[in-house]
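Engineer: Handing you this structure, nothing more for now.
The values are calculated or read from the model by the stated rules, or taken from the named source; none is laboratory data. This structure is a prediction, so every number in the text was calculated from the model and none was measured. Cβ sites come from the backbone with ideal geometry, for glycine too, and all protein chains shown count toward neighbours. Accessible surface is based on the protein model in full, side chains and every heavy atom, while ligands, DNA and RNA are left aside. Shrake-Rupley method; radii C 1.70, N 1.55, O 1.52, S 1.80 Å.
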Amino acid sequence: QVLAAHQAEKTCATCHQAIDPFGYAFENFDPMGAWRDEYTMHLTDPAEKGKRVKSRNAKGIPIDASASFRSGASYDDITEFREWMQLPANRDRFVRCFITKLLTYANGEAPDDYSEIERILARSAENDYRTIDTIAAVIDSPLFREQASH
């Protein structure tokens, strides 16, 4: 309900329509990475000086880890999300974005040589898109090794 109210706000809704479907798939994982089927209710215990404690009587709220993308694609759980992300177009889009964000972080600006990004993506594909090999391809790229001209 809180998220729905936030999404209803025009200034927030545009971004949330794009990013939320990627996050819902992970709702079954708690902050520590353990699996959960429902949200655990926590209360503030005045006797414990405001410390948050697990409610003993509250019923948990079932987790809905499903979502729909603006494209119309949808999934019901993390397994379907993973299958969707492994489709060639989605996988390449994800890895291309990872490469671009890594170069942007490393250089302080977005790369503008898209043909080199495609070469890095091809090297990543040669190694089954393994993260370590993708990072190595980025580091070996002139986009990473050469300083920006401005």
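Engineer: Given a Förster radius of 25 Å and the C-beta distance between residue 136 and residue 107 as r, what FRET efficiency does 1/(1 + (r/R0)^6) yield to the nearest 0.05?
Structural biologist: 0.90
Engineer: In nm, to one decimal, how far is the residue 96 label point from the residue 36 one, both placed 7 Å along Cα→Cβ?
Structural biologist: 3.7 nm
Engineer: With a point put 7 Å past each Cα toward its Cβ, work out how far residue 5 is from residue 76 in nm, to one decimal.
Structural biologist: Going by the 7 Å Cα→Cβ label model, 3.2 nm.
Engineer: Provide the per-residue ³J(HN,Hα) series for the stretch 119-136, in order, calculated from phi with Karplus coefficients 6.51, -1.76, 1.60 and θ = phi - 60°, each as a whole number of Hz, with x at glycine and proline positions.
Structural biologist: With the stated coefficients, the stretch 119-136 comes to 5, 5, 4, 5, 5, 4, 4, 4, 10, 6, 6, 4, 4, 4, 6, 5, 4, 4 Hz.
Engineer: Any chance you could get the radius of gyration and Dmax over the Cα atoms of the stretch 108-150, in Å?
Structural biologist: 10.7, 35
Engineer: Leaving ligands and nucleic acids out of the surface, order 32, 85, 41 by accessible area at 1.4 Å, largest first.
Structural biologist: 32, 41, 85
Engineer: Considering amide H positions built from the backbone, and no H for Pro or chain starts, which residues 5 or more places from residue 129, or on another chain, come under 5 Å of its amide H?
Structural biologist: Under 5 Å from the amide H of residue 129: no residue qualifies.
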